[in-house]
Amino acid sequence: MSKRNPVYDFTWCPGCGDFGVKRAIESALVERSATLSESIENSAIVAGIGCSGNLVHLQEGPQPFGIHGIHGRTLPIAYGLKSSRPDLNVLIVSGDGDFLSIGAEHIGPQAKRNLDVTVIVMDNGVYGLTKGQASPTTELEVVTSTTPYGKLDDQMSPLETYLAAGVGWLASSISTQVKALQQLVVEAMAHPGFSVIHVQSPCTTYNDTYAALKGNPKEGIEPLAYPVPEHHDPTDLLSAYGLAKGGRIPIGMVYQRPDSVPSHTRLEEARERTGATQKTVDELFTAMVI
Amino acid sequence: MAPLSAPAKAASMSKNLVVRFAGEGGQGVVGGSEILAAAAAQVGYHVLTFSTFPSQIKGGPAWGQARISTDEILESGDELDVLVALNRYAYDHNVEELSENGVVVYNSEEFEVDEGGRAIGLPADQMARDSGNPRAANMVVIGAVAQLADFPLAYLETFVTKRFTRGRPGDAKIIEGNIAALHMGAEEAAKTGFSLEALDAAVPSPDERVLIKGFEAAGLGAIAAGLDSFIGYPISPATTMLTYMEENLHGDGKFVGQSSSEIESIAALVGAGFSGRKAMTSTAGPGLSLMGEGLGLAWMAEIPLVVVDVQRGGPATGLPTKTEQSDLLMAINPGHGDMSVPVIAPGTIEEAFWGTIEAVNWSERYQGPVIMLSEASIAERQQDIVKPDLSQVRAENRVVADGSTGNERYIGDGVAPFPVPGGPGAYIANGSEHDEQGDTTHLPEVHVTQTHRRFKKLELLANGSFEAEQTGASVAIMPWGGSKGSTRGAYLELTAGGEDLAWYYTMYLNPLPSKLLDELRGKNLVIVPELNYLGQLSQVLRAQGVNAHSVTQYTGLPFKVQDLRDRLAEEIRTRSGKLATV
């Protein structure tokens, strides 16, 4: 709600990758709204804590609902929100610290429930908002304010983590490719089930990886990011693992489970199957009458 | 809240029967007491059960107690008329609570009671096998107890038939075996010639009565209040409410789920409450500890939700299956920063029903989190109560934004219209300090304004009802929660003995009813019986200008009436000797 808020006191650094993600989300929401003739207020963005989560306050144009909660708990909030209101379109914006460190325990349960929400993780490989501490995706041996000897923990491989947790729809993206990211967000929102878009979103202040991601042929630097090969079959889980374990960063569709029944549909079907219906309070008391 | 009627005088054997089944976890001692209570309730007696058992699937010392009476009862009784001891440990550790004329029924396959006296040895397991149902040892014992109390076996037969008619192929055989076991037990007991004074005949109540447990009453309260979403994580002694909701809340727009942790539960409730729905969880102390930050978010972002905390012994893992009242301070201040979470603590089964409705109503009215502070002894208690008059149920709904407030959510000097996703008024529900539309801002004047708004809303809750008797007395007794029953018994004995004492009670502990606080401030002394070490409610009362002092107990068990009576008398003497006479 940046345009209408005169006292807002947060902004991103110039060149922050999150600007591209914000534009992609704004356009994707407008596109969805137009395609489905659905009001923008039917969407809600659940934001984590960190630079990434502050995106919810910087959204321009038509405004969705937002909830800016506590550190690491975007997924649990979305679990209650979407389960209570399956009619809403729920989007999550989070970062590598919020989602993969303090919040990592929540990925598995939502993936296994197949909660019908879309997660956009902005990975800058560092805790930016708190000024440059190591995150799970910071590389081994990198010196940060909390790793004076160089980072001692192995770098996490997010794509592998998601696949192992059971994420059924997974894409990898980069914040500079706004149009492609917008398309992924639209597709992820349309997917009936749990979807994750992991976005490389560099921090120009503490971990500027633009050059490493793009590479520099003149200086002989091979780009870290590369397009997912055309022959990759995203419905093939083993092949998706191969991409995730490849060492470099594939950009594109990584995995899409062939069957996807979201949690709220599972519940509806189970109720139909078992014939569970609501009794009135009077009926429930009457069943206990002595 | 109407004052409770007097409990039957203890030791009047003809009106009261207290039976304790003691043994190991897994031997059905809790089930035994509940079956006896249920059968007695069916013929018109008033019943109340209490149980205590270890935190393991099988083994460890456990007992279940049933009190059966011709009068209304509020606690499970001090002295035992019958002690059923299934092993030596159970006998040794419970026999001193036997009344003068009490009888022991023991498992003679396990041990022998050598001092003679009023003891009946039954080879219950062998007798159960002989009955054709090896699992009917409990029934052998219940048959013996019924014989001792001159309780017609026909009542029990009817009950057994009803309980085991489950539409399964083996029903008839199970029923037959259980009935045979009842008779075998009764015949053995008859041979001894022992008897208790016969219970007076039950006087069937003109009202429709239900036999209900505390967690069921709370669950029904939640449903009656219009609850939409219930999300919980298994934890003793709160799991029973989760399973009750799983089994009983269905239908369009309703959701019940098992979460992966209490951290997930509370965050999910925030999401559910934000979505416009009425949301609740049940947990115990360790879970409430984990919910601290999420409750702060609900307070800060002004999201209605209810947490039912079924208190157990703490801290840490503590005493998972025992009863205690030691979470009050945490319930009021469950997380960091300035907040004061509304707390309602039921003291009876009826209050578990009405209090849960009120907890949901409070959360909707002031738009924030509410804690329903139950406890093991209330949640697991089984009791007969008059079926609540459902025409009195009033379910409140939050004031919803209609678009006229634009994108401004956090406005005015108190409760503001709540924008529901899908409708007008998109805003950010923000746990960071925020401006009117929920955008983060940490300017000093904004924090001051919003903090005032959040606390101002509590004034909407300060008009709760309370019980007050003999209000002219300068010394008052004021229990809370599950200590209400025992305290009532002790209070009535003290006043009958000539003590001039006021009685106050409310289930609305935060904010306390403002009129009640005014009255309490005028007392020379307010004594608070409570099951914790710190004396938590008296701390809360002292902080609000009341000269309150606690009488505490922290054994994992409820107060006994006689003990409490003596301790209250002592407290009155030592703290205000010149004011009170004994």
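Taking 7 Å steps out from each Cα toward its Cβ at A:LYS245 and A:THR204 produces label points 3.8 nm apart. Backbone N atoms of segment B:293-328 closer than 15 Å to the 7 Å Cα→Cβ label point of B:GLN56 belong to residues B:320-321. For segment B:200-269, GluC sites (Glu not before Pro) meeting the loop criterion (DSSP other than H, G, I, E, B) and having at most 16 other Cβ atoms within 10 Å: B:GLU208.
Remark: mean inter-chain Cβ contacts per residue of A:57-65 equal 4, using a 10 Å Cβ-Cβ cutoff to other protein chain atoms. Mean per-residue shielding of peptide B:272-281 is 5, counting Cβ atoms of other chains within 10 Å of each Cβ.
Around the amide H of B:GLU24, modelled in the peptide plane, lie the amide H atoms of B:ALA62, all under 5 Å away and 5 or more residues distant in sequence or on another chain. Taking amide H positions as modeled 1.01 Å from N, with prolines and chain starts lacking one, no residue 5 or more places away or on another chain lies under 5 Å from B:ALA462. Per-residue packing, averaged as other Cβ atoms within 10 Å, sorts the ranges B:374-385, B:180-191 into the order B:374-385, B:180-191, beginning with the highest.
Kindly flag which residue pairs out of B:LYS213/B:LYS484; B:LYS191/B:LYS560; B:LYS387/B:LYS560 have an alpha-carbon separation exceeding 24 Å in this structure. Cα-Cα > 24 Å for B:LYS191/B:LYS560; B:LYS387/B:LYS560; rest within. Here the spin labels are modelled as points 7 Å beyond Cα on the Cα-Cβ line, and at B:GLU445 and A:GLU38 they lie 4.1 nm apart. Sorted from greatest to least, the principal axis extents spanned by the alpha carbons of segment A:98-197 come out as 45, 30, 21 Å.
Each residue of segment B:269-276 was assigned a 3J(HN,Hα) from its phi angle through the Karplus expression (A = 6.51, B = -1.76, C = 1.60, θ = phi - 60°), giving 5, 4, x, 5, x, 4, 6, x Hz with x at Gly and Pro.
Find the percent of Cα-Cα distances in the protein assembly as shown that exceed 49 Å, and round it to a whole number. That fraction is 31 percent. Applying 0.36 nm per residue to the separation of B:GLU176 and B:LEU390 and subtracting their alpha-carbon distance, the gain on full extension is 73.1 nm. Of all beta bridges that DSSP places with both ends in the protein assembly as shown, some 35 percent have antiparallel geometry. In order along segment B:40-52, phi translates into HN-Hα couplings of 5, 4, 5, 9, x, 7, 8, 9, 8, 10, 9, 9, 9 Hz, rounded to whole numbers, per the Karplus curve 6.51 cos²θ - 1.76 cosθ + 1.60 with θ = phi - 60° and x for Gly and Pro.
The GluC sites (Glu not before Pro) of segment A:197-290 that DSSP puts in a loop, and whose beta carbon has at most 12 other beta carbons within 10 Å, are A:GLU230.
Using the Cβ-Cβ distance between A:VAL261 and B:ARG573 with R0 set to 56 Å, the FRET efficiency from 1/(1 + (r/R0)^6) comes to roughly 0.20.
Could you compute the net charge surrounding B:GLY347? Neighbours are other residues with a C-beta less than 13 Å from the C-beta of B:GLY347; K and R count +1, D and E count -1. Cβ neighbours under 13 Å give a net charge of -3. Here, segment B:470-538 yields an orientationally averaged convex hull projection of 4.7 nm² when only Cα atoms define the hull.
Amide H contacts for B:ARG209 (H built 1.01 Å from N in the peptide plane; partners 5 or more residues away or on another chain; cut-off under 5 Å): A:ILE290, B:LYS387. For segment B:175-299, the fraction of C-alpha pairs more than 16 angstrom apart is 71%. With a simple spin-label model that places each label point 7 Å from the Cα along the Cα-to-Cβ direction, the separation between B:TYR554 and B:THR192 comes to 4.0 nm. Counting only DSSP H runs of at least 4 residues, each contributing -39500 (n - 2.57), and dividing by the residue count of the protein assembly as shown, the helix-based mean residue ellipticity at 222 nm comes to -10500 deg cm²/dmol.
The chymotrypsin sites (Phe, Trp or Tyr not before Pro) of segment B:18-58 include none that meets both criteria, a DSSP state outside H, G, I, E and B (loop) and at most 13 other C-beta atoms within 10 angstrom of the site's C-beta. The antiparallel fraction among DSSP beta bridges confined to chain B stands at about 40%. Taking 24 Å as the limit for the C-alpha separation, the pairs A:LYS82/A:LYS112; A:LYS22/A:LYS151; A:LYS279/B:LYS162 exceed it in the case of A:LYS22/A:LYS151.
No value in this document is a laboratory result; all are computed from the given coordinates. Being a predicted model, the structure only gives us computed values, none of them experimental. Heads up, the Cβs are rebuilt from the backbone with ideal geometry, glycines too, and the neighbour counts pull from every protein chain shown.
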